[in-house]
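Chemist: Would you mind keeping the following structure in view while I ask a few things?
The values are calculated or read from the model by the stated rules, or taken from the named source; none is laboratory data. In this text the structure is predicted, and so the values were computed from the model without any measurement. Please note: Cβ atoms are built from the backbone with ideal geometry, for glycine as well, and neighbour counts cover all protein chains shown.
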Amino acid sequence: MDTTGVMSAGATASTTAASKVLARNVDVYYGDKHAIKDLSIDVPKNAITAFIGPSGCGKSTFLRCINRMNDTIPICRVTGKIAVDDRDIYDPTIDVVELRARVGMVFQKPNPFPKSIFENIAYGPKIHGLTRSKTELEELVTTSLQRAGLWEEVKDRLQDSGTGLSGGQQQRLCIARAIATKPDVILMDEPCSALDPIATAKVEELMMELRDKFTIIIVTHSMAQAQRVSQKTAFFHLGTLVEFGDTKQIFNAPVDRRTQDYIGGRFG
Amino acid sequence: MSLTYFGLMLLLLTAAFFVGRSRSYAVAGGRFADLHSLPVYHGLFVALGVFAPMVLIYMAGVPLVRYLAQDAALSFFPPDVLNDPLQRSVILRDVVRVAAGQFAGEPSATLKDAAAAAINTQNTGDMAIIFGGLAAGLAALIASFWQISLRFRARHWVERFVIIVLGVCAIVAVLTTIGIVFSVMFETYRFFFDPSLKGRPTVLEFLFGTEWNPQAAMRADQGDIKTAFGFIPLLTGTLLITFIAILVAGPLGVFSAIYLAEYASPRLRAVAKPVLEILAGIPTVVLGFFAALTVAPLIRSMGEYYGLDVASESALAAGLVMGMMIIPFISSLSDDVINAVPQSLRDGAYALGATKSETIRQVILPAAFAGIVSAFMLAISRAIGETMIVVMAAGLAANLTFNPLDAVTTITVQIKTILVGDQEFDSAKTLAAFALGFVLFFVTLMLNLIANRIAHKYREQYD
Amino acid sequence: MTSDAFKARIKKRYRSEAMFRAYGALSLAITAVFVIAVVTDIVVKGMPAFWQHSLVLDVTVKADDIDPKATKDPAVIRAADYFTLTRDTLRAAVPGVEGRLAKKELDGLMSSGAANELREMLAADPSLIGQTIKARFLLSDDADLYLKGGETEIEKFPGRGVVTPSGTTGEITLLTSSNDFADDLVRVKKALAVRIDGLRRDLRRAERGDPGWAERIREEIAGLEARVNQPSVAETMDANLPSLLVAMNGGLVKLTSIGNADAKGTVILPLTSAADAQPGTWDVVTYTRPEANRKISDLEVSFLEKLKADGKVQNHFNTIFFTAGDSREAELAGILGSLMGSILMLSVTLAICLPVGVLAAVYLEEFAPKNWFTDIIEININNLAAVPSIVFGLLGLAVFLNFFGLPRSAPLVGGLVLGLLVLPTIIIASRAALKAVPPSIKEAALGVGASKQQAVFHHVLPLAMPGIMTGTIIGMAHALGETAPLLMIGMLAFVVDVPGSLTDSATALPAQIFIWSDLPEAAFQAKTAAAIMVLLVVLFVMNGTAIWLRRRFERRW
């Protein structure tokens, strides 16, 4: 099957907006396992891009490549080029700490630090030295919480432990924590999979509000969620990027046969 | 006698097993499926039926016969001799020796008669035990034999017995604790409150006295002997050495654990972990030898080089080596604790752009804090209770000092010094060792209880 | 975001990262260095103890001395007087030693058990009696230590001129043709200068503390300086100077004073003649370490050097170390007694621990109801595992010895105490092993109609057995190395005989190590280290077996 043809066709077709994250011929290996095969993509700025696909298709793996979280896994090897704002992030001169300050991440399971809510948000700004005074830091914490839509719920108990919040609140706390370091890009790895529908709705609402300021990439299992929140959708299958395009186009008029099957619910 | 008895018992048990089993075959008459329990269980049931009364008779009979034999022997001696416990025990010892034919020299006529009477009684009693046991065993065999029927639940009875045996095994550990508590408490009580004890201190004098010299009590009525049992110098000595040990082992242990858990390559881990295990497995007597013959002279000569006056058995040498002993202890406990911190927390910190050390210092260590505290408490408890290193490398002089270059003594060193060799259980000196043991047990128990409590809470947090 | 301030900050953060990482690596390195230091130190100290020196001498075994009635009864042969025989044999090997003191020093080279090997040889083969045979005689520990080296160095300077001795024995004078002792005198003066340096160091310490002592040192320094400053004045030798000896005419003279041209001395080994010794035929021999600073005297060194030169010294593997019990003589002391004691003790420990520990674990893990009592047992076991071992010694003393009246120093009591000591470890390990067996196994057995006990004893327990064995071996290794509780129950005794039963007086390997480490003789220090090596090897093998067992039977469910 001529997968490369389809893919490159999709990839070139999608270069419509100014691309924030760009990948060219990326391969990822876990030991002997070839997890991502020759992937190229252009993720546009200030939009929500959804990565969809069946389990084990490599979408999370690729997401973790974008802020080099895969560095923490010793057997993982990445080749090819991934660039954020036209700078190759695997270039030896690139500092991973700096990169992660610019490319934030929200995880599948909420993982607040066992510290106070305030400390959770303030942690990133503190280590990166983003604020010069205590009041400035407090302001930053407040705005981050406000943007994450959590402020009203927690403003009276900022000194309580972050682990004491409900699941949805914890996840929004994690998003607030990610925002607080003032990143350009936010990666979200199935951020709602551990949440109930109401909490999910709140997080989705939040994502759409954040869209103007940040470039958001979300990995999701829920096609409904992808349709609801994203402008762009990429479909992954067995480690390859099968199709990438406007969300409407992917869901209504997919080009590739495999995309059709997946959207139509024939596998996944 | 015992050999005969248990030999016969074994025979009877085997017989009972086969009798019971064949009885169940007979009862079943070919319809094995109708038997409630397997024939094996019927056999075991009958055997256990024999076992229980025979063991009981033996356990009750043997002390009884010994008592009667002693009584028979002692009846040859005048009562005024018998009222003296010392003479009484000498007589008993001689009687036993004469009876066994090991008496050195020619025993007196009374002694010979007494021995003969003792042997006589002993023999009669032994016979009675054997025959009584056999009779009881046989009776039990017959009784349980008639129990067997198609619906008889032999397996339940056997399993009930097994459960009791298992339970008894589990209680041995509790009995050990009770044994420890009672043995140290009893002697400690005597140490403080036995009126017949010369030179015993009051509890307050013991706890707050600043002079320790148990030998002084040997020379009774010489000078102010009460001050001899002041516990404070031992406490400061123990704490000084423990403090040095923790100062060494704490940072080294925790940093080693961090490095192994967060930085080390799998290959380094594969080498380093066994090295730590080797260190943990080195007996303390070996480390004591190393401390006394290598580290202490080294420190002394280094001190001389810098013009410092170092005691040849300095607290520093013992503390350093003890610290080394504790490193694997702290590092393995900390390693467990650090590994229990969920990966998601690390990811959270990394995703914010924290460096590894920032993640460790500001996220992992605070999250693991309770567990590490518990590890330190266990380590302290271990250092306080450690004996061989301090016995070999620390001194005997009870100096009240905090200078690590001086010689100090510890609780364990004093217990060992007092109790090695012959002890008299009516001297304050010997009992003092038990009082020290009581303090040691109590302090370490408290530390362990609290540490285990914290560790338990910590584990719940991430389960 | 990528401002200069941010860059600088990142640089700083990475510096602290590197520091932190370095601390970790350093901690690990220090720990490793310590382990290596302990092991190396012990191996270096202990290795020499596995070898020992003996003399191989021709001995004429007279029937009259050993077995006059020709009974050929080993008991009679063993009971004979070997002391005189040994002494005479050695004196024959070093002829011409005169003076009671010198003879005593010569006799002292032999171990008190020197003839043990000869005795056993004759008892095994009585036909040797009456013949002249080669036999091995064990040297004393001091002689052995000297031959192993490190006590003193020996330097030889060939003589240049002609030396004339005034006699062949006793106190003699040596006259040279020209100033042939001049170089040697210079060396003596140099040694005096070295001594002055040492005294100056002492003086600094003395000045801080003890003015009287300082004054005495100053006087001594002044006296020595006067001697050094007169280079050609003769010197009287003393024990604080290197020993000078002259080897000539087949004999050895120890110098008592030395000048440029002549010297006085005492003959140690007699000269064959009083003739002139020509250049090249005589040497000046120096034992560099002063006699006062070593254990072995000039006489003993001279005798041993002669025996060595005659090819009569043999270095051989120390079998005694593995076949004998304890002894007051270092060269005769072995570890067999304590090793047997440890083995007997551990068999008691194992006999208690394994059944009781495993059954208790089975009860707690599988059958115990969840109530306050089981909770107490659990907490109790966890805490018992951390009770200091010496407290178990107190328990043994108060309960087993005092209350039950069991014998002191017996492996039985030691085994009981160690059994209680490691019981919690074994229970905890067994419970972990039982817990690791997945419940599905038990459920499967219950599903086919087995009773709970059948399911546990037929299925769960066998599957948990490798884990239990691993825990047991580690517990036993722990028990083997444990010393403190044994001290309380009298296993610190000096036991010569190898114990044969559970109630014999015995000691244990770690206790033996402790006893030896306390002895002042240098030879016992090496023995201690050697015994530690044996202990460590045994422990290593035990732990290795446990690890192997764990790997071999490790099951991933």
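Chemist: Check A:Gln227 against each of (1) closer than 16 Å to A:Ser144 by Cβ; (2) modelled with pLDDT of 90 or more and name the one condition it does not meet.
Modeler: If we test A:Gln227 against (1) closer than 16 Å to A:Ser144 by Cβ; (2) modelled with pLDDT of 90 or more, just (1) comes out false.
Chemist: A follow-up question, please. Taking the stated definitions as given, is B:Phe76 touching an Asp or Glu at 6+ places or on another chain (Cβ under 6 Å) and over 30 Å from B:Ala16 (Cα atoms)?
Modeler: For B:Phe76, the condition - touching an Asp or Glu at 6+ places or on another chain (Cβ under 6 Å) and over 30 Å from B:Ala16 (Cα atoms) - is met.
Chemist: Being without any contact (Cβ under 8 Å) to a residue 40 or more places away in the chain and at the interface with chain B (Cβ under 7 Å from one of its Cβ atoms) is the filter; apply it to region C:377-387 and report the residue that is nearest to C:Leu359 (Cα to Cα).
Modeler: For region C:377-387, the residue satisfying everything is C:Ile377.
Chemist: If you don't mind, another one. Inside region A:169-200, can you point out the residues that are of a type outside the set (A, V, I, L, M), touching a Cys at 6+ places or on another chain (Cβ under 9 Å) and more than 13 Å from chain B (Cβ to nearest Cβ)?
Modeler: Residue satisfying the conditions is A:Thr200 alone.
Chemist: Also, I was wondering about something else. Out of C:Val541, C:Val496, C:Val537, report the one residue that is closer than 15 Å to C:Ala333 by Cα and surrounded by fewer than 20 Cβ atoms within 10 Å (Cβ to Cβ).
Modeler: None of the others qualify; the one that does is C:Val496.
Chemist: Just to check your reading of the model, which residue among A:Asn67, A:Asn120 is under 25 Å from C:Lys11 (Cβ atoms), at pLDDT 85 or above and buried (at least 17 other Cβ atoms within 10 Å of the Cβ)?
Modeler: On inspection, the qualifying residue turns out to be A:Asn67.
Chemist: Can you tell me which residues in region C:225-240 are crowded, with 20+ Cβ neighbours inside 10 Å and in a loop (DSSP other than H, G, I, E, B)?
Modeler: Across region C:225-240, the qualifying residue is only C:Met237.
Chemist: On to the next question. Within region A:15-56, which residues are in contact (Cβ under 8 Å) with a residue 40 or more places away in the chain, among the acidic types (Asp, Glu) and either surrounded by fewer than 16 Cβ atoms within 10 Å (Cβ to Cβ) or not in a strand (DSSP E or B) (or both)?
Modeler: A:Asp27
Chemist: Further, regarding this structure: Which one of C:Gly280, C:Gly265 is in contact with a Lys or Arg (Cβ under 9 Å, 6 or more places away or on another chain) and assigned to a loop (DSSP other than H, G, I, E, B)?
Modeler: C:Gly280
Chemist: Related question: Since C:Lys295 meets every condition but one in (1) surrounded by 18 or more Cβ atoms within 10 Å (Cβ to Cβ); (2) more than 29 Å from C:Ser177 (Cβ to Cβ), which condition does it not meet?
Modeler: (1)
Chemist: Please find, among C:Leu271, C:Leu359, C:Leu350, the residue that is more than 14 Å from every other protein chain (Cβ to nearest Cβ), closer than 30 Å to C:Met542 by Cα and more than 27 Å from the chain's Cα centre (by Cα).
Modeler: Testing whether each residue is more than 14 Å from every other protein chain (Cβ to nearest Cβ), closer than 30 Å to C:Met542 by Cα and more than 27 Å from the chain's Cα centre (by Cα) leaves just C:Leu350.
Chemist: Follow-up. Filtering region C:35-66 down to residues that are exposed (fewer than 14 other Cβ atoms within 10 Å of the Cβ) and within 13 Å of chain B (Cβ to nearest Cβ), which residue is farthest from C:Thr132 (Cα to Cα)?
Modeler: Among residues in region C:35-66 that are exposed (fewer than 14 other Cβ atoms within 10 Å of the Cβ) and within 13 Å of chain B (Cβ to nearest Cβ), the one farthest from C:Thr132 (Cα to Cα) is C:Ile36.
Chemist: Test each condition in (1) in contact (Cβ under 8 Å) with a residue 24 or more places away in the chain; (2) among the small types (Gly, Ala, Ser); (3) assigned to a helix (DSSP H, G or I) for B:Ser37 and report the one that comes out false.
Modeler: B:Ser37 satisfies every listed condition except (3).
Chemist: Here is a list: B:Leu365, B:Leu352. Which entry is touching a Ser or Thr at 6+ places or on another chain (Cβ under 8 Å) and closer than 30 Å to A:Leu173 by Cβ?
Modeler: B:Leu352
Chemist: Moving on. Among the residues of region C:254-264, is any out of contact with any strand residue (DSSP E or B) (no Cβ under 8 Å at 6 or more places or on another chain), surrounded by 12 or more Cβ atoms within 10 Å (Cβ to Cβ) and of a type in the set (Asp, Glu)?
Modeler: No, the conditions are met nowhere in region C:254-264.
Chemist: Here is a further query. For B:Ile171, state whether it is assigned to a helix (DSSP H, G or I), within 19 Å of C:Asn383 (Cα to Cα) and more than 8 Å from every other protein chain (Cβ to nearest Cβ).
Modeler: No: the conditions fail for B:Ile171.
Chemist: Being in a helix (DSSP H, G or I) and more than 18 Å from C:Gly46 (Cβ to Cβ) is the filter here; which residues of region B:287-315 pass it?
Modeler: Across region B:287-315, the qualifying residues are B:Ala296, B:Leu298, B:Ile299, B:Arg300, B:Ser301, B:Met302, B:Gly303, B:Glu304, B:Tyr305, B:Ala315.
Chemist: Given (1) without any contact (Cβ under 8 Å) to a residue 60 or more places away in the chain; (2) surrounded by fewer than 16 Cβ atoms within 10 Å (Cβ to Cβ); (3) under 27 Å from B:Ala60 (Cβ atoms), where does B:Ala143 come up short, assuming only one miss?
Modeler: (1)
Chemist: Here's something else I'd like to know. Looking at this structure, is B:Ser374 assigned to a helix (DSSP H, G or I), among the polar types (S, T, N, Q), more than 12 Å from C:Pro388 (Cβ to Cβ) and modelled with pLDDT of 90 or more?
Modeler: So B:Ser374 fits the description; yes.
Chemist: Filter region C:307-320 down to the residues that are within 22 Å of C:Gly150 (Cα to Cα) and crowded, with 17+ Cβ neighbours inside 10 Å, then identify the one that is nearest to the chain's Cα centre (by Cα).
Modeler: Looking at residues that are within 22 Å of C:Gly150 (Cα to Cα) and crowded, with 17+ Cβ neighbours inside 10 Å, I get C:Asn318.
Chemist: I want to confirm something. Restricting to region B:277-301 and keeping residues that are in contact with a Leu (Cβ under 8 Å, 6 or more places away or on another chain) and not β-branched (Val, Ile, Thr), which single residue is farthest from the other protein chains (Cβ to nearest Cβ)?
Modeler: Top of the filtered list is B:Ala291.
Chemist: Related question: Here are some residues: A:Gly149, A:Gly164. Which one is within 14 Å of chain B (Cβ to nearest Cβ) and closer than 28 Å to A:Leu137 by Cα?
Modeler: A:Gly164
Chemist: Could you list, in sequence order, the residues of region A:162-198 that are of a type outside the set (Val, Ile, Thr) and surrounded by fewer than 19 Cβ atoms within 10 Å (Cβ to Cβ)?
Modeler: A:Gly164, A:Ser166, A:Gly167, A:Lys182, A:Asp184, A:Ser193, A:Ala194, A:Asp196, A:Pro197
Chemist: Also, I was wondering about something else. Within region B:74-103, work out how many residues are outside any helix (DSSP H, G or I) and closer than 17 Å to B:Gln122 by Cα.
Modeler: 3
Chemist: Continuing with this model, one more query. Which one is surrounded by the most Cβ atoms within 10 Å (Cβ to Cβ), of the residues in region C:473-485 that are within 10 Å of chain B (Cβ to nearest Cβ) and aliphatic (A, V, I, L, M)?
Modeler: C:Ala484
Chemist: Tally time: how many residues in region C:85-117 are of a type in the set (Val, Ile, Thr) and under 18 Å from C:Gln131 (Cβ atoms)?
Modeler: The total comes to 2.
Chemist: Show me the helices (runs of 4 or more DSSP H) entirely contained within region C:30-106 in which 1 or more residues are touching a residue at least 60 places away in the same chain (Cβ under 8 Å) and of a type outside the set (Lys, Arg).
Modeler: The helices (runs of 4 or more DSSP H) meeting that bar are C:63-66, C:82-93.
Chemist: Also: Residues in region B:425-433: is at least one surrounded by 24 or more Cβ atoms within 10 Å (Cβ to Cβ), within 23 Å of the chain's Cα centre (by Cα), more than 10 Å from chain C (Cβ to nearest Cβ) and assigned to a helix (DSSP H, G or I)?
Modeler: yes
Chemist: For region B:148-168, which positions are surrounded by fewer than 17 Cβ atoms within 10 Å (Cβ to Cβ) and away from chain C (no Cβ under 14 Å)?
Modeler: The answer is B:Ser149, B:Leu150, B:Arg151.
Chemist: Only one of C:Ala247, C:Ala222, C:Ala261 is farther than 19 Å from C:Leu147 by Cα and at pLDDT below 85. Can you tell me which?
Modeler: After ruling out the rest, the residue left standing is C:Ala261.
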